[in-house]
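A quick write-up on the structure given underneath.
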Amino acid sequence: MADVSAGFVRPAVEKLVPYEPGKPVEEVQRELGLARVVKLASNEGPYGPFPSALAALEDASAELNRYPDGGAYRLRAALADRHGVRFEEIAVGSGADGIIDAMSQAVLDRGDEIVCGWPSFPSYVLYALKLGAEPVRVPLRDDRYDLEAQLDAITERTKLVYVCHPNNPTGTMNTRAELDAYFARVPRHVVTVLDQAYFEYIDHEDYPDAVEEYFKAGRRVVVLRTFSKIYGLAGLRVGYAVAPEELVTAFGKTRRAFDLTTPAQVAALASLDGPAELERRRDLNTTGRAELETILREAGFRVAAPGIGNFIFADVGEDAQALFEALLRQGVIVRPMSGFGAPNAIRVTVGTPDEHVFLREALARVRAAAAAS
């Protein structure tokens, strides 16, 4: 087989460390010979698609010989109606990550800068690096985005400022007053990307709806949302953005053709009509998050608080890789945070009550084994 010559791959790509997703359950079962494996690693919802989405998927299955609607007309129209914005102000993509990819390609050139908190969602950094842009990582303050420091980090080369809200992986939020003060100061040449992937989980009086309070107020903002979390559609990858029309048009030029499949579109559309199920899952998550926080504190870990998403960030006091591997051998998949910029931490997704019992017992066995060694 012929070798590829040195330098054939772009330098910006050659140096990248790719995003590493959470391990699949089947892979862990196969490698370790375990009968049961609980995955609490990827911030997926513990419940499947809404019943209405399952019915829509079944109805659509007979037409899978046809390409999907490349413009996702019905879904975009429904989202525009839901948010009270124009059709032209809705962009869709393969998860919120797909929007970040299309946006980065559309606006970033070599030498441009993005600013984000750190540790935070790695895609902000990775997509910038792929294009030769420079990510400016601003350390968190008290596990939260330091918006004042991010403002200070903006230069004339800055194009995008990311605010992950709540922050992934710490699960923390900024107050409405902090965001208001940020938007009052952010320079006009910058577009702020307010990532609200976990929006539907949150019932906090000081947590703003960025579409209503910032986009509609005329701020230069892109608001990200997704169907991957509370709606239970992570396997279908449906994300969207509310953004200025000019940017939505640009995203459409860089987005891959047909990246939103027919099943993804119909399931997302059907999920918009389930307010009671949405409320039920939000309540279950609130209870489960408190339970999970207690389990992790009892294990002796420092927990970032208050968490408001569907996951908990825990600093274990040392390199977390050993704990990750020990829990893996017990059949529990959590997420080590080295790829997010926090090598001493794990992130644990809210699961079902039974999965939390399994985690508590696994942690007890790991601690007992460590004490005996």
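The values are calculated or read from the model by the stated rules, or taken from the named source; none is laboratory data. This one's a predicted model, so the numbers in the text were calculated from it and none came from an experiment. Counting neighbours? That spans all protein chains shown, and the Cβs are built from the backbone with ideal geometry, glycine included. The protein model used for the area step is the full one, side chains on, heavy atoms only, and it has no ligands, DNA or RNA in it. Shrake-Rupley method; radii C 1.70, N 1.55, O 1.52, S 1.80 Å.
Which residue is nearest to G351 (Cα to Cα), if the candidates are limited to region 41-69 and must be assigned to a loop (DSSP other than H, G, I, E, B), within 24 Å of the chain's Cα centre (by Cα) and not hydroxyl-bearing (S, T, Y)? By that ranking, first place goes to P46. Looking for something open to solvent by less than 60 Å² (accessible area, probe 1.4 Å) and in a helix (DSSP H, G or I) - is there at least one such residue anywhere in region 312-324? Checked against the condition, which is being open to solvent by less than 60 Å² (accessible area, probe 1.4 Å) and in a helix (DSSP H, G or I), region 312-324 yields at least one hit. Determine if region 107-125 includes at least one residue that is touching a Gly at 6+ places or on another chain (Cβ under 9 Å), touching a residue at least 60 places away in the same chain (Cβ under 8 Å), within 20 Å of E20 (Cα to Cα) and open to solvent by 30 Å² or more (accessible area, probe 1.4 Å). Checked against the condition, which is being touching a Gly at 6+ places or on another chain (Cβ under 9 Å), touching a residue at least 60 places away in the same chain (Cβ under 8 Å), within 20 Å of E20 (Cα to Cα) and open to solvent by 30 Å² or more (accessible area, probe 1.4 Å), region 107-125 yields at least one hit.
Given the condition surrounded by 14 or more Cβ atoms within 10 Å (Cβ to Cβ) and assigned to a loop (DSSP other than H, G, I, E, B), answer yes or no: does some residue in region 4-15 qualify?
Among the residues of region 4-15, not one is surrounded by 14 or more Cβ atoms within 10 Å (Cβ to Cβ) and assigned to a loop (DSSP other than H, G, I, E, B), which makes the answer no.
Against the conditions (1) assigned to a loop (DSSP other than H, G, I, E, B); (2) of a type in the set (A, V, I, L, M); (3) surrounded by fewer than 19 Cβ atoms within 10 Å (Cβ to Cβ), I308 satisfies every one except (3).
When region 82-101 is filtered for residues that are open to solvent by 40 Å² or more (accessible area, probe 1.4 Å), touching a residue at least 12 places away in the same chain (Cβ under 8 Å) and more than 21 Å from S228 (Cβ to Cβ), the ones remaining, listed by number, are G84, R86, E88. The sole residue among Y162, Y201, Y231, Y240 that is in contact with a Phe, Trp or Tyr (Cβ under 9 Å, 6 or more places away or on another chain) and over 24 Å from P135 (Cα atoms) is Y231.
Filtering region 20-40 to residues that are surrounded by 14 or more Cβ atoms within 10 Å (Cβ to Cβ) and under 25 Å from P169 (Cα atoms) leaves G22, K23, P24, V25, V28, V37, V38, K39, L40.
Only one of the numbered conditions (1) in contact with a Gly (Cβ under 8 Å, 6 or more places away or on another chain); (2) in a strand (DSSP E or B); (3) of a type outside the set (K, R); (4) within 25 Å of G22 (Cα to Cα) is violated by A91, and that is (4). For L79, are the conditions met, namely being in contact (Cβ under 8 Å) with a residue 24 or more places away in the chain, in contact with a helix residue (DSSP H, G or I) (Cβ under 9 Å, 6 or more places away or on another chain), open to solvent by less than 90 Å² (accessible area, probe 1.4 Å) and in a helix (DSSP H, G or I)? Answer is yes for this residue. Only a single criterion out of (1) out of contact with any Leu (no Cβ under 8 Å at 6 or more places or on another chain); (2) over 25 Å from E27 (Cα atoms) is not satisfied by I295, namely (1).
Being closer than 26 Å to T349 by Cβ and at pLDDT 95 or above holds for only one residue in V221, V266, V211, and it is V211.
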